[in-house]
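S.K.: Sharing a structure here in structure tokens format.
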Amino acid sequence: MDWDLTSYFPEFGGSEMIEFRDALERDVDELLDRASGLSDLDDQNQDAWESLYLDVEEFATRYSHYGSYLGCLTAADASNEAYQVAESAFSQLGAVTAKVNAEMLRGIRSTDDDAFAEFCARERLASASYVLKRDRQDARFMMSTDREALAADLGVDGISAWGRLYDTISGKLEFDITYPDGRTERLPISQRRSLMEQSDRDIRRAAFEGGNTAWSTVEDVAAAALNAISGTRLTLYRYREIPHFLERALFDSAITKKTLDAMFDAIAAHREQPRKAIALKAKAMGEPGIAWYDMGAPMPFREIEVFDWDRACELVTRAFTAAYPDLGDFTQSMFDRNWIDWGPREGKRPGGFCTGSLLTRESRIFMTYNEAMGDMRTLAHEAGHAFHSYVMRDLRPFARGYPMTLAESASTFGEMILTEGIVSDPSVPDTQKALMLDAEVGHGAIFLLDIPTRFEFERALYEQREEGELTVTRLKDLMVETQKRVFGDVLVEGGEDPYFWASKLHFYITGVSFYNFPYTFGFLLSRGLFARFKQEGPDFLPRYEEFLRLTGSDTSEGVARSSIDVDLEQPNFWSDAITSLEEPMAQLEALLPKTLNAAPFARASGAGESAERNLGER
Ligand SMILES: [Zn+2]
């Protein structure tokens, strides 16, 4: 491994680690006993509840330390059995922790408003009052304790069983592909995506068609699962007295309905912008428009010279330092302190993430550097996450959790600074610049067309599900209608994907609904921040850091209002964020004549990787 993990523990399985783990296991049991022994919060028992909250916060600090350590080890050496054993014991610790949390929600659910306000105002809790109020709101989404217990038990054989059934059938599904040379092969469906990212259009089409034939053989099961999952949710919302099916997702995202509408109104008003990006790609490929299976196709760029790890680090640091010296210094210190596991190695998990310990207040980055431009982008992305934690390092643990909508602000900001740095760096060849710009512009098409398609489909699904189950035909029609409306003419007639509702795993995650709009929100939010940075220059940066610091202490609207004086419920901010994509698109267009391969289908580049990495990250 490249990274230094000794600040977690001197060695895995050593006495420090064992004692630390044993203390966690002892303490969580004690916390659960105390929590379940406490009557609901009132005027009389505030001292006992306060002491419980503070002890839980201290426990969470150690819990994150140990969990982050095991997460690093199992990612870096996925087949190590000792790590697996430790991680499975840790997940049992997690189950007890969840029970402690449930008891804490129970305790504040029915407290009267005055007693609760008094509790939140206590000296040692006041700086965590946002989290307490959120917990109380969360608790109020619940039915009575015995009804919730019944729903949870039935859920094991109900909603989660449908999710597991989908995972099983999609995991076993295979498809037949007929290559352009007539050769046929049977492959697991998981290999379809990388085939649909090949430069050869005939291969992409063959994978798409073969894959959809396979999905059609399980369409009834997928439709039954989708109807059961959405139906169960609607029933539970009714019993929990949650008036609208979007409410839970909005709460989890810490945004209002008005903000969501403002964002989607701005997107609908500017659809031509991302459509132009797709038209540019179609033109580069010599096609009149694109089909669904062209979405992940690489631009046919010329063969490029690859950068080794040291050069990648140098380019990232230089780009950061030029625009944002503190971010550059911080990133250099991560290299100096060996906080990054980057080398390609057997047994290493794919993907990238940033993790950290609340105890040491240090971060670690996991990724694999395969010498593609997309990997350099991953480095800038994860460094942005680490910088976010660094900016929050002095805050109490309760003020350091943030929703998915705000989580990608600093990471995407880092990517945009890198793109600007690369484009203005005279030592970087044109093709690498074009690759970087293509990734940026390509993200626009994903977050402003593909993700809104998923959102609009899912919203219509829930609206129609209130009236009864949707047939396979209805699901296919609904998906095709949505794709046509969102993409417009750049999606060629007949190029839609009627089975996208069956093949997209996100619709079948039973723990979270609307696993789509937070991605678009996060993307546009950081573009909007970056647009302000470009307008206002370095004076903006202290307010940007204030924004990052507040992400665990307020709603999204509140964070934006008090740090950068922006009203997220108005469309202007979102419109500016979308139109900020015009500049990189114009730069890309200008570079294309110099960088495209004359033969239209050059070898695959790494440009498309980082967008889907974002989508698969959590
Ligand atoms: Zn991220």
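S.K.: Using Cα pairs closer than 8 Å and at least 6 residues apart in sequence, work out the relative contact order for the range 337-390, in percent.
M.R.: Relative contact order comes out at 37 percent.
S.K.: Also, quick follow-up: For the chain, what percent of Cα pairs sit more than 33 Å apart?
M.R.: Across the chain, Cα pairs with separations above 33 Å total 49 percent.
S.K.: Now for a separate question. Could you tell me which residue out of Leu437, Leu541, Tyr324 lies farthest along the dipole of the chain toward its positive end? Charges go on the beta carbon: Lys and Arg +1, Asp and Glu -1, centred on the Cα centre.
M.R.: Of Leu437, Leu541, Tyr324, it is Leu437.
S.K.: Here is a follow-up. Nearest 20 debye, what's the magnitude of the dipole of the range 229-328 about its Cα centre given +1 on Lys and Arg Cβ and -1 on Asp and Glu Cβ?
M.R.: 560
S.K.: Be a star and scan the range 339-364 for residues whose amide nitrogen sits under 14 Å from the point 7 Å along the Cα-to-Cβ vector of Leu32.
M.R.: Under 14 Å, as judged by backbone N against the label point of Leu32, lies no residue of the range 339-364.
S.K.: Could I have the simple spin-label model distance between Ala117 and Arg183, label points 7 Å from Cα toward Cβ, reported in nm to one decimal?
M.R.: Each label point is offset 7 Å from its Cα along the Cβ direction, giving 7.4 nm.
S.K.: So for the range 344-482, taking the charge dipole from beta-carbon charges (+1 Lys/Arg, -1 Asp/Glu), which of Ser427, Ser409, Leu461 sits furthest toward the positive end?
M.R.: Ser409
S.K.: For the range 406-554, calculate the relative contact order in percent as a whole number, restricting contacts to Cα pairs under 8 Å that are 6 or more residues apart.
M.R.: Relative contact order here is 35 percent.
S.K.: As an exercise, identify the trypsin sites (Lys or Arg not before Pro) in the range 70-163 lying in DSSP coil whose Cβ has no more than 16 other Cβ atoms within 10 Å.
M.R.: Answer in residue order: Arg122, Arg124.
S.K.: Here's another thing I want to ask about it. What do you get for chymotrypsin sites (Phe, Trp or Tyr not before Pro) in the range 11-92 restricted to DSSP loop and a cutoff of at most 10 other Cβ within 10 Å of the site's Cβ?
M.R.: Nothing satisfies the criteria.
S.K.: What number do you get for the range 174-217 when its Cα radius of gyration is normalised by 2.2 N^0.38 Å, N = residues?
M.R.: 1.00
S.K.: Now for a different question. If you count the DSSP beta bridges with both ends in the chain, what percent of them are antiparallel, to the nearest 5?
M.R.: Antiparallel bridges: around 75 percent, rounded to the nearest 5.
S.K.: Could you work out the Rg to Rh ratio of the range 370-483, with Rh taken as the Kirkwood radius (inverse of the mean 1/r over all Cα pairs)?
M.R.: In the range 370-483, Rg relative to Rh is 1.14.
S.K.: Okay, moving on. Checking the a/c ratio against 1.5 first, then a/b against b/c, what shape does the Cα gyration tensor give for the range 77-166?
M.R.: oblate
S.K.: Also: Of His381, Trp339, Phe523, which is farthest towards the positive pole of the chain's charge dipole, taken about the Cα centre with +1 and -1 on the beta-carbons of Lys, Arg and Asp, Glu respectively?
M.R.: Phe523
S.K.: Quick one: in the range 246-367, what % of C-alpha pairs are over 23 Å apart?
M.R.: 65
S.K.: To test your reading of the geometry: what angle, between 0 and 90 degrees and rounded to tens, separates the Cα axis of helix 81-109 from the longest principal axis of the chain?
M.R.: 60
S.K.: What size of dipole, in debye to the nearest 20, comes out for the chain about its Cα centre when the only charges are +1 on Lys and Arg C-beta atoms and -1 on Asp and Glu C-beta atoms?
M.R.: Here the size comes out at about 1240 debye.
S.K.: With axes computed from alpha carbons, what is the tilt in degrees of helix 517-536 against the longest principal axis of the chain, rounded to the nearest 10 within 0 to 90?
M.R.: Value to nearest ten degrees: 80.
S.K.: Roughly how many debye, to the nearest 20, is the charge dipole of the range 174-217 about its Cα centre, given +1 on each Lys and Arg Cβ, -1 on each Asp and Glu Cβ, and no other charges?
M.R.: Magnitude of the dipole: close to 120 debye.
S.K.: Another question, then. Between helix 219-239 and the chain, what is the angle of the helix's C-alpha long axis to the longest principal axis, kept within 0 to 90° and rounded to the nearest 10?
M.R.: Once rounded, one gets 40 degrees.
S.K.: Next question. Given the C-alpha centroids of the range 41-103 and the range 422-492, what is the distance between them in whole angstrom?
M.R.: First find each Cα centre; the distance between them is then 37 Å.
S.K.: Further, regarding this structure: For Pro429, what charge total do you get from the other residues with a beta carbon under 14 Å from its beta carbon, if Lys and Arg give +1 and Asp and Glu give -1?
M.R.: Summing Lys and Arg as +1 and Asp and Glu as -1 gives 0.
S.K.: Something else now. Relative contact order, percent, of the chain when contacts are C-alpha pairs under 8 Å separated by at least 6 residues?
M.R.: Once divided by the residue count of the chain, the mean separation gives 20 percent.
Where a number appears in this text, it was derived from the coordinates with a stated rule and is not lab data. Just so we're clear, the structure is a prediction, and the values are computed from it rather than from any experiment. Positions of Cβ are backbone-derived with ideal geometry, glycine not excepted, and every protein chain shown enters the neighbour counts.
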